[in-house]
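Before any comments, here is the structure.
The values are calculated or read from the model by the stated rules, or taken from the named source; none is laboratory data. Quick caveat, the model's predicted, so the values are computed rather than measured. Here Cβ is always computed from backbone atoms with ideal geometry, including for glycine, and neighbour counts include all displayed protein chains.
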């Protein structure tokens, strides 16, 4: 069942995946499949007290809760695992919030505090159970999403942890800094284990770790992209396809492609192995602030300061749909890692949007 928050109304409309409209002339039913349409399915207004800068999904597995009646037939299933869907958001209001997605609605589970300045970046572990966050107060914190407990806190130099990502094995938190350095911190002890040098010394605005664990990519304020060979800890490729800051970048699920987003209004696809340009996409009227691949790698989403979210087909490099549901710049967009058709976006307007998109078989 879909939960659709109707803008301009105080109620929510609950619709099944299929519903019937009667034809006035023939009285024959017309079946409409909602999930085959692009739709805003949920909106949380004023989700934070200030601008929301980033978001991420965590979908950990947990044991099913025991029923009240231990002798019931259902109690046998209590040892089985279930997947929980969390959306994590971070804001200039100095907080991180953990929302649980249930029946299409976001319900606040935890508010994570302890920052003295805005939270600029978060990263979710590959098992979906932990969240790392970095703040303008020069702190890096590691949280348990289910309990809301703080597991680790690291104090570093000013603006040394602007952007974050987990390594695929969750052993390291990778951060980009204002000095162009890439730091790797151990998730078990918080110690700085390694530093990668971009050689340019420019502010690193974005980092990504390839799912196969072989590469780390960084995007800088001067538009330069560096791809590191993790095994050797050295720059493997330097890409100069953008002329302005790289706000976001990500690897495809198969680690073959790197998608980049820039203030120049363009997105570019690079072949990781050969560093060849595989495509350039345009369509936003202003800065491209966020990009994300769908879990199956067939589509990707982009968000922009032009207030829109766009859905793109990878094979044809073409825009499939544009959502215009935010009132201000959209800082981040992310696919639910468990579902190719669910996307979240967060904005300067303090709102969270959830969208449903059609999913077509090859």
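Condition check ((1) closer than 17 Å to residue 124 by Cβ; (2) surrounded by fewer than 18 Cβ atoms within 10 Å (Cβ to Cβ)) across all residues:
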| residue | (1), (2) |
| --- | --- |
| 318 | no, yes |
| 334 | yes, no |
| 340 | no, no |
| 348 | no, no |
| 358 | no, yes |
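Give region 100-136 a look and list any residue that's part of a loop (DSSP other than H, G, I, E, B) and either in contact (Cβ under 8 Å) with a residue 24 or more places away in the chain or at positive phi (or both), or say none.
Answer for region 100-136, where residues must be part of a loop (DSSP other than H, G, I, E, B) and either in contact (Cβ under 8 Å) with a residue 24 or more places away in the chain or at positive phi (or both): 103, 104, 114, 115, 118, 125, 126, 127, 128, 129.
Please pick out the residue among 188, 160, 137 that is closer than 21 Å to residue 331 by Cα, surrounded by fewer than 17 Cβ atoms within 10 Å (Cβ to Cβ) and modelled with pLDDT under 95.
Answer to the check: 137.
Which one is nearest to residue 165 (Cα to Cα), of the residues in region 138-148 that are in contact (Cβ under 8 Å) with a residue 40 or more places away in the chain and part of a loop (DSSP other than H, G, I, E, B)?
Among them, the one singled out is 145.
Looking at (1) in contact (Cβ under 8 Å) with a residue 12 or more places away in the chain; (2) assigned to a loop (DSSP other than H, G, I, E, B), can you tell me which one residue 274 breaks?
(1)
Do we find that residue 243 is surrounded by fewer than 21 Cβ atoms within 10 Å (Cβ to Cβ) and closer than 30 Å to residue 316 by Cβ in this structure?
yes
Within region 44-82, take every residue that is touching a helix residue (DSSP H, G or I) at 6+ places or on another chain (Cβ under 8 Å) and loosely packed, with under 11 Cβ neighbours inside 10 Å and give me the one that is modelled with the highest pLDDT. Talk me through it step by step, then tell me what you get.
Initially, region 44-82 is screened for residues touching a helix residue (DSSP H, G or I) at 6+ places or on another chain (Cβ under 8 Å), giving 63-67, 69.
Narrowing further to those that are loosely packed, with under 11 Cβ neighbours inside 10 Å: 63, 65, 69.
Details: 63: 71, 65: 65, 69: 52.
That would be 63.
Which ones in region 211-229 are outside any strand (DSSP E or B) and either free of Cβ contacts under 8 Å to residues at least 24 places away in the same chain or under 26 Å from residue 144 (Cβ atoms) (or both)?
Selection gives 211, 213, 222.
Quick check: anything in region 329-336 out of contact with any helix residue (DSSP H, G or I) (no Cβ under 8 Å at 6 or more places or on another chain), under 18 Å from residue 262 (Cα atoms) and not in a strand (DSSP E or B)?
yes
Only one residue in 230, 174, 165, 207 is under 24 Å from the mean Cα position of the chain (by Cα), at pLDDT 95 or above and farther than 23 Å from residue 334 by Cβ, so which one is that?
Just a single option satisfies the conditions, and that option is 230.
This table checks each residue for (1) outside any strand (DSSP E or B); (2) surrounded by fewer than 24 Cβ atoms within 10 Å (Cβ to Cβ); (3) touching a residue at least 24 places away in the same chain (Cβ under 8 Å); (4) on the phi > 0 side of the Ramachandran plot.
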| site | (1), (2), (3), (4) |
| --- | --- |
| 278 | no, yes, no, no |
| 281 | no, yes, yes, no |
| 285 | yes, yes, no, no |
| 289 | no, no, yes, no |
| 295 | yes, yes, yes, no |
| 303 | no, no, yes, no |
| 306 | yes, yes, no, no |
